1. List the pairs whose first member sits in region 77-89 and is on the phi > 0 side of the Ramachandran plot, whose second member is surrounded by 17 or more Cβ atoms within 10 Å (Cβ to Cβ) and part of a helix (DSSP H, G or I), and whose Cβ atoms are under 9 Å apart, counting only residues at least 6 apart or on separate chains?
2. So which residues in region 21-61 are part of a helix (DSSP H, G or I) and among the β-branched types (Val, Ile, Thr)?
3. Checking Glu192 against (1) touching a Lys or Arg at 6+ places or on another chain (Cβ under 7 Å); (2) loosely packed, with under 11 Cβ neighbours inside 10 Å; (3) modelled with pLDDT of 95 or more, which test does it fail?
4. Out of contact with any helix residue (DSSP H, G or I) (no Cβ under 8 Å at 6 or more places or on another chain) and of a type in the set (Gly, Ala, Ser): is that true of Gly45 in this structure?
5. When you scan region 64-79, do you find a residue that is closer than 21 Å to Pro110 by Cα and buried (at least 20 other Cβ atoms within 10 Å of the Cβ), even just one?
6. Between Asp43, Asp75, Asp91, which is in contact with a Ser or Thr (Cβ under 9 Å, 6 or more places away or on another chain) and at pLDDT 95 or above?
7. Just to be sure, is Arg131 touching a residue at least 24 places away in the same chain (Cβ under 8 Å), of a type in the set (Lys, Arg) and buried (at least 17 other Cβ atoms within 10 Å of the Cβ)?
8. Here is a list of conditions, (1) hydrophobic (A, V, I, L, M, F, W, C); (2) at pLDDT below 95; (3) in contact with a Phe, Trp or Tyr (Cβ under 8 Å, 6 or more places away or on another chain), and Ala24 meets all of them except one; can you say which number that is?
Amino acid sequence: MAVGGTGILGGAFDPPHNGHVALAQAALEQLDLARLLVLVVADPGHKKTRTPAEIRLELVRLAFEEVPRIEVELDEHPRTVDSLEARKLEDPVFVVGADELVDFHTWQRPERILELARLAAATRPGVPDARVREAHAHLPAPDRVSFFEIQPLPVSSALVRERVARGEPIEGLVPPAVAEAVRRHKLYLAAE
């Protein structure tokens with residue numbers, strides 16, 4: 001399923017993990033994107049971060065350094081709609097997981113997001129197909145959404161933070177350079 005153009009993957013990335021890298025690689029390959037812009041949201045409007053934006057930006061650069069056609073930038077806009085309006089990209093594709101698609105109606109101005117960008121949602125086990133189909137059907141412009149598949153990885157940023165706080169290894173959950181930077185910066189040592 002070729003979509004083409006510029007993809008966007010945004011998030012807090014606190015920290016970035018192998019699931020983020022797998023999502024980016026699958027999007028690049030399956031959507032035939034010329035490039036994927038990975039946006040580290042400096043101050044996400046929907047969640048708190050534990051790590052300063054500059055360190056998260058460093059971690060994301062390390063996480064994606066081996067992946068071709070990726071550009072990493074800090075995004076000063078707390079909301080997706082504001083970032084898309086400021087960037088004025090030509091027909092971008094905003095990459096989300098199926099879980100984010102299910103919650104897309106709660107985003108600020110979802111109808112405007114779909115005017116500014118197409119969505120590409122990664123499907124995976126763990127998010128019921130019925131919920132995804134229902135969310136898709138209730139979007140203001142369901143024709144602006146395409147789907148692609150990824151292999152599920154049982155990892156989340158919260159899991160990585162919890163393991164570090166407990167003194168457990170995170171190898172295999174994050175790229176090696178990210179694990180080293182987490183140790184070097186002494187990140188996530190305090191319990192959540």
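1. Lys88/Leu116
2. Residues satisfying the conditions are Val21, Ile55, Val60.
3. Answer for Glu192: the failing condition is (3).
4. Working: out of contact with any helix residue (DSSP H, G or I) (no Cβ under 8 Å at 6 or more places or on another chain): yes; of a type in the set (Gly, Ala, Ser): yes.
Yes: the conditions hold for Gly45.
5. Checked region 64-79: at least one residue is closer than 21 Å to Pro110 by Cα and buried (at least 20 other Cβ atoms within 10 Å of the Cβ).
6. Checking each option against the conditions leaves just Asp75.
7. Considered against the rule, which asks whether it is touching a residue at least 24 places away in the same chain (Cβ under 8 Å), of a type in the set (Lys, Arg) and buried (at least 17 other Cβ atoms within 10 Å of the Cβ), Arg131 comes out as no.
8. (2)
The values are calculated or read from the model by the stated rules, or taken from the named source; none is laboratory data. Keep in mind that what you see is a predicted model, and the values were worked out from it rather than measured. Ideal geometry is used to build each Cβ from the backbone, glycine not excepted, and the neighbour counts take in all protein chains shown.
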